[in-house]
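Okay, structure first, notes after.
The values are calculated or read from the model by the stated rules, or taken from the named source; none is laboratory data. Keep in mind that this is a model prediction, so the values were computed, not measured. Reconstructed Cβ throughout: ideal geometry from the backbone, glycine too, with neighbour counts over all protein chains shown.
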There are 2 protein chains.
Amino acid sequence: MESIVIIGGNAAGLTAASRAKRINPSLDITVLERLPQIAYSTCGIPYLLSKLVEADHLISFTPEKFQEERGIRVHNQVQVNAIIPGRKRVEATRVDTGESMTFAFDRLLIAAGVRAHIPNIPGNDLKHVYSILSLQDALRLQQHLETASTVGIIGAGYAGLEFAESLRTLGKTVRVFEREPHVMPTIDPDMAQIIEFELRRFGVEVFTSAKVLALTGQDGRVQGIKAVSSLGIVPADLVLMDTGVSPNTDLVADTDIRIGLAGGIAVDEHMETTVPGIFAAGNCAETFCPIRRRPVLNAIGTVAAKQGRIAGENLAGRRAKFRGSIGTTILKVFQLGVGRTGLSSREAAIERIPCVSARIEADDRASYYPGTSKIWIKLIVERESRRVLGAQAVGYGDIAKRIDVAATAISSGMTIDDLAQLDLAYAPPFGSLWDPLLVAAQAVLRRMD
Amino acid sequence: MESIVIIGGNAAGLTAASRAKRINPSLDITVLERLPQIAYSTCGIPYLLSKLVEADHLISFTPEKFQEERGIRVHNQVQVNAIIPGRKRVEATRVDTGESMTFAFDRLLIAAGVRAHIPNIPGNDLKHVYSILSLQDALRLQQHLETASTVGIIGAGYAGLEFAESLRTLGKTVRVFEREPHVMPTIDPDMAQIIEFELRRFGVEVFTSAKVLALTGQDGRVQGIKAVSSLGIVPADLVLMDTGVSPNTDLVADTDIRIGLAGGIAVDEHMETTVPGIFAAGNCAETFCPIRRRPVLNAIGTVAAKQGRIAGENLAGRRAKFRGSIGTTILKVFQLGVGRTGLSSREAAIERIPCVSARIEADDRASYYPGTSKIWIKLIVERESRRVLGAQAVGYGDIAKRIDVAATAISSGMTIDDLAQLDLAYAPPFGSLWDPLLVAAQAVLRRMD
């Protein structure tokens, strides 16, 4: 009986475990997870904080239930300390008892996720300064949330903005600090300004070009934030950091498992590392960007789950291939939907790809249909090949559909000419005779003629 | 100055006129429309009947306003009687005065739309029996609607079902008769049965395998419907026919303008007919199906508008190409969304394409997120090439997105393997970690292994 060991009990690890076991039920699979909970929705944490959902609803499986239903052994609260590829074993410690454990494997999957990147500023070790990466982090934060009234959020990426909404919904004073000139640096400024409008409309204070220099405190607890652009020290009795994440690669440091140029564990299209029989998946691993044609980092649950599925198939002896990811993201910011896929104008400029882009404003449905709402769409197109490289959409109506269509078009290498003629679905309750995406394509084409 | 004459003042004709004038403002363009209104949303008629919107809201332009804003002459209530290609002119009659008119053209566009196909049954000429193809038809029906209490709808295609909802919403007794074993014959029975459930849930009486044999009446007014499967004569003081449409090709009968095998005016990819300089667009023309690789009929506004745009570019001297249409349709049936694109299982069988299909049931968003709803998705895949050929979705949640993504995948010739790994947008308010479309793709793949 072959032994599979999987390090990490969330999206990538458990998807891989389930998939491998389903393909080959005779596999002996062990999942090792450092934290108490497994199998929960990290993306649901903002809605846990805003009390829209309860923690139990975010958890799909307890370790016991997963083991019982899937026939896969799960050790939670087990921290892996070392991978020894030559001896095909991992060494670990029980977090609660300190007991040492050793697990032998025929094949190994590393799905260790990310760690928070905490800026090296004075006061970063004060109490009530949080990074929220796990359900455990969120539950710990929740205990303190009742007594906090003024929250500073450092970094306005998608987690930062979701947390801003959650905490504002609870009635807190919320101040967001972004060091770049606009929130959501992964989308272009002409779209980001609409998000800033929405944040301010709901009473969130937004500071941009506002690199945080220090956190100040008293009695070891955070009390204020000093940023480049703000006047003096802005009060905050709670601080959330959304200041980036790094792949958890500690375990491979002293092994032949190579770290790639993007900074994650290097994998081939089978999710196999440079050591045969050892796979990596999820946010600790790099992902292939088919637009840039090179490995990148893309720390998001959907990619982790897809990589996990591919890794699981290959752990079970298949040779499935991962086709890569193009950076599709969506989030809700109060009443506004915000989505992006492919390259932004800025990312295309970094790659030195000459592009043509256009932004349009449109109704998301037939203008006369009740409930129709405004959306904005931007398309980014490679000038020479005419291929669609990126799309962004924000708005009060249905933007998810347009982002997913654009993601599909980008993945298939579609040109703007083809996109402009897509046979999309129309009836007044669902869209427009000319879908806003087609109107955006026409706007780009006018600039290309 | 070159003269363009356009027969037909709705989606195809006016889009073509606007596009041609924008590209070459020196063109002298005349639009001839037989009915009083132009430039209205035919797809909005069901919502006019249910009083959700008013007639004025459906109309984008009066003839005068169109002429004033776009510099395009519009003659409404002018019926074209003959096209004389050799002399490059059309002969027409003013509907209101009977006056004869002649229009000379350098280039001509025929965008004459469709006519209703009325079944040849006893009673089809009774009063209060309607086919609704134009706004004028709808306004005429509306005058009689107040006094009608029991409505029979013959044919359960998308118009028939939309009218069923509209009239039921007004409190009428509504009975739908479909000669096929299920409603919406353009989608497969395993999906159609969900629509039937929804219709019945809202009190619509649905008769399937119920070919209508005769309409009965008194004093020249309809009073009942006799169908194959029903017991005796079912009362109805109003009857709507959704029994198919045929391309309006009368005008080309005695010319060298060829009618294609599918029954519409034959056009090349430039929307040009077999007579150089004479174009056709919209529902009177055939459309190219890139899946079947042959001309088909597809009487729908989105295709008409796209064909009109291409025709307009070519009327102005360009050589734009129409890329065809794949039969994407969507409609609302009470609280249910219903969509389809590409080929159904039945259509694939007619083409003798061996297929694999699967239907799944899923939540449209993260299961714990408030307001999440059930949807069903079916995918149809060509066994040998593994290409996605068709998709259908019905449900109480967001099905439009999944249909549009499938339409994009089908248009680009994507395989089921590629579709299964699409990098689609996920956050709990918008979708699931594994989008239902990806889950459906996995279900198909399990049947292909």
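State the number of residues belonging to the range A:57-73 that are away from chain B (no Cβ under 14 Å) and not in a strand (DSSP E or B).
Pass one, the range A:57-73, residues away from chain B (no Cβ under 14 Å): A:62-73.
Narrowing further to those that are not in a strand (DSSP E or B): A:62-72.
Number satisfying all stated conditions: 11.
Each residue in the range B:164-183 was checked for being touching a Lys or Arg at 6+ places or on another chain (Cβ under 8 Å), surrounded by 19 or more Cβ atoms within 10 Å (Cβ to Cβ) and outside any strand (DSSP E or B), and 2 of them qualify.
The residues listed here are A:T97, A:T102; of these, the one that is assigned to a loop (DSSP other than H, G, I, E, B) and polar (S, T, N, Q) is A:T97.
Take the range B:413-449 and flag every residue that is closer than 17 Å to A:I326 by Cα and either among the polar types (S, T, N, Q) or facing chain A (nearest Cβ under 7 Å) (or both). Selection gives B:M414, B:D418, B:Q421, B:L422, B:D423, B:L424, B:A425, B:Y426, B:A427, B:L433, B:W434.
Only a single item in (1) within 11 Å of another protein chain (Cβ to nearest Cβ); (2) of a type outside the set (V, I, T); (3) surrounded by fewer than 22 Cβ atoms within 10 Å (Cβ to Cβ) is not met by B:A358, and it is number (1). Taking the conditions (1) farther than 28 Å from A:A82 by Cβ; (2) crowded, with 19+ Cβ neighbours inside 10 Å; (3) in contact with a Gly (Cβ under 8 Å, 6 or more places away or on another chain); (4) of a type outside the set (K, R) in turn, A:D237 satisfies each one other than (3). The single residue among B:T408, B:T329 that is modelled with pLDDT of 95 or more and under 27 Å from B:R200 (Cα atoms) turns out to be B:T329.
When you check B:C284 against the structure, is it buried (at least 19 other Cβ atoms within 10 Å of the Cβ) and closer than 25 Å to B:G413 by Cα, yes or no? No: the conditions fail for B:C284. Criterion applied to A:L141, A:L135 was being within 14 Å of chain B (Cβ to nearest Cβ) and either free of Cβ contacts under 8 Å to residues at least 24 places away in the same chain or surrounded by 20 or more Cβ atoms within 10 Å (Cβ to Cβ) (or both), and the one residue passing it is A:L135. When restricted to residues that are of a type in the set (A, V, I, L, M, F, W, C) and part of a helix (DSSP H, G or I), the range B:224-272 contains 2.
When you look at B:S367, is it at the interface with chain A (Cβ under 10 Å from one of its Cβ atoms), among the small types (G, A, S) and under 16 Å from the mean Cα position of the chain (by Cα), yes or no?
Numbers: at the interface with chain A (Cβ under 10 Å from one of its Cβ atoms): yes; among the small types (G, A, S): yes; under 16 Å from the mean Cα position of the chain (by Cα): no.
Judged against the criteria, B:S367 is not a match.
For the range B:321-338, the count of residues that are over 30 Å from B:D28 (Cβ atoms), more than 10 Å from chain A (Cβ to nearest Cβ) and in a loop (DSSP other than H, G, I, E, B) is nonzero. Between B:A192, B:A156, B:A227, the distinction of being within 21 Å of the chain's Cα centre (by Cα), without any contact (Cβ under 8 Å) to a residue 60 or more places away in the chain and surrounded by 17 or more Cβ atoms within 10 Å (Cβ to Cβ) belongs to B:A192 only. Against the condition at pLDDT 95 or above and either surrounded by fewer than 22 Cβ atoms within 10 Å (Cβ to Cβ) or of a type in the set (V, I, T) (or both), how does A:L199 come out, does it pass? Against the criterion (at pLDDT 95 or above and either surrounded by fewer than 22 Cβ atoms within 10 Å (Cβ to Cβ) or of a type in the set (V, I, T) (or both)), A:L199 does not qualify. The condition (being more than 26 Å from B:R22 (Cα to Cα) and in a strand (DSSP E or B)) is satisfied by just one residue among B:A138, B:A92: B:A92.
Could you run through the range B:109-124 and say how many residues are in contact with a Leu (Cβ under 9 Å, 6 or more places away or on another chain) and either without any contact (Cβ under 8 Å) to a residue 12 or more places away in the chain or within 30 Å of B:H270 (Cβ to Cβ) (or both)?
In the first step, residues of the range B:109-124 are kept if they are in contact with a Leu (Cβ under 9 Å, 6 or more places away or on another chain); the result is B:109-116, B:121-124.
Of the ones still in play, those that are also either without any contact (Cβ under 8 Å) to a residue 12 or more places away in the chain or within 30 Å of B:H270 (Cβ to Cβ) (or both) are B:109-116.
Here the count works out to 8.
Across the range A:433-447, the number of residues qualifying as of a type outside the set (A, V, I, L, M, F, W, C), in contact (Cβ under 8 Å) with a residue 60 or more places away in the chain and surrounded by fewer than 22 Cβ atoms within 10 Å (Cβ to Cβ) comes to 2.
Every condition in (1) loosely packed, with under 15 Cβ neighbours inside 10 Å; (2) out of contact with any strand residue (DSSP E or B) (no Cβ under 6 Å at 6 or more places or on another chain) is met by B:N81 except one, and the failing one is (2). Note on the range B:22-41: among residues that are outside any loop (DSSP other than H, G, I, E, B) and under 18 Å from B:A304 (Cα atoms), the one that is farthest from the other protein chains (Cβ to nearest Cβ) is B:L32. I'd like to check something: does the range A:294-315 contain any residue that is within 14 Å of chain B (Cβ to nearest Cβ), touching a helix residue (DSSP H, G or I) at 6+ places or on another chain (Cβ under 9 Å) and more than 27 Å from A:G264 (Cβ to Cβ)? No, there is no match, as no residue in the range A:294-315 is within 14 Å of chain B (Cβ to nearest Cβ), touching a helix residue (DSSP H, G or I) at 6+ places or on another chain (Cβ under 9 Å) and more than 27 Å from A:G264 (Cβ to Cβ). The number of residues in the range A:161-194 being under 20 Å from A:I132 (Cβ atoms) and within 14 Å of chain B (Cβ to nearest Cβ) comes to 8.
Kindly indicate the residue of the range A:6-16 that is more than 10 Å from every other protein chain (Cβ to nearest Cβ) and in contact with a Ser or Thr (Cβ under 9 Å, 6 or more places away or on another chain) and also surrounded by the most Cβ atoms within 10 Å (Cβ to Cβ) among those meeting that condition.
Checked the range A:6-16; the qualifying residue surrounded by the most Cβ atoms within 10 Å (Cβ to Cβ) is A:I6.
Just for the range A:339-353: of the residues that are more than 14 Å from chain B (Cβ to nearest Cβ) and part of a loop (DSSP other than H, G, I, E, B), which one is nearest to A:E205 (Cα to Cα)? The extreme case among them is A:S344.
Let me confirm something: among B:L133, B:L161, which residue is assigned to a helix (DSSP H, G or I), at negative phi and not assigned by TED's automatic domain parsing to the domain that holds B:E54?
Working: B:L133 fails: assigned to a helix (DSSP H, G or I).
Just one listed residue meets the conditions, B:L161.
Condition test on A:H128, is it crowded, with 17+ Cβ neighbours inside 10 Å, in contact with a His (Cβ under 7 Å, 6 or more places away or on another chain) and either on the phi > 0 side of the Ramachandran plot or in contact (Cβ under 8 Å) with a residue 60 or more places away in the chain (or both)?
Working: crowded, with 17+ Cβ neighbours inside 10 Å: yes; in contact with a His (Cβ under 7 Å, 6 or more places away or on another chain): yes; either on the phi > 0 side of the Ramachandran plot or in contact (Cβ under 8 Å) with a residue 60 or more places away in the chain (or both): yes.
Considered against the rule, which asks whether it is crowded, with 17+ Cβ neighbours inside 10 Å, in contact with a His (Cβ under 7 Å, 6 or more places away or on another chain) and either on the phi > 0 side of the Ramachandran plot or in contact (Cβ under 8 Å) with a residue 60 or more places away in the chain (or both), A:H128 comes out as yes.
What's the total number of residues in the range B:202-219 that are over 26 Å from B:Y47 (Cα atoms) and surrounded by fewer than 22 Cβ atoms within 10 Å (Cβ to Cβ)? Steps first, answer last, please.
Our first condition is that a residue be over 26 Å from B:Y47 (Cα atoms); within the range B:202-219, this holds for B:209-219.
Then drop every residue that is not surrounded by fewer than 22 Cβ atoms within 10 Å (Cβ to Cβ), which leaves B:209, B:211, B:213-214, B:216-219.
Qualifying residue count for the region: 8.
Residues in the range A:384-411 that are within 21 Å of A:L445 (Cβ to Cβ) and surrounded by fewer than 20 Cβ atoms within 10 Å (Cβ to Cβ) were compared, and the one that is farthest from the other protein chains (Cβ to nearest Cβ) is A:E384.
Restrict the check to the range A:89-102 and report whether at least one residue is buried (at least 19 other Cβ atoms within 10 Å of the Cβ) and outside the structural domain of A:V212 (by TED's automatic domain parsing). Write out each step before concluding.
Here is the first cut: in the range A:89-102, the residues buried (at least 19 other Cβ atoms within 10 Å of the Cβ) are A:90, A:92.
With outside the structural domain of A:V212 (by TED's automatic domain parsing) added as a condition, the list becomes A:90, A:92.
Yes: the range A:89-102 contains one or more residues that are buried (at least 19 other Cβ atoms within 10 Å of the Cβ) and outside the structural domain of A:V212 (by TED's automatic domain parsing).
Of all residues in the range A:79-94, how many are more than 15 Å from A:T249 (Cβ to Cβ) and small (G, A, S)? Residues that pass the stated criteria total 2.
Confirm whether B:V381 is within 13 Å of chain A (Cβ to nearest Cβ) and of a type in the set (A, V, I, L, M).
On the way: within 13 Å of chain A (Cβ to nearest Cβ): no; of a type in the set (A, V, I, L, M): yes.
Considered against the rule, which asks whether it is within 13 Å of chain A (Cβ to nearest Cβ) and of a type in the set (A, V, I, L, M), B:V381 comes out as no.
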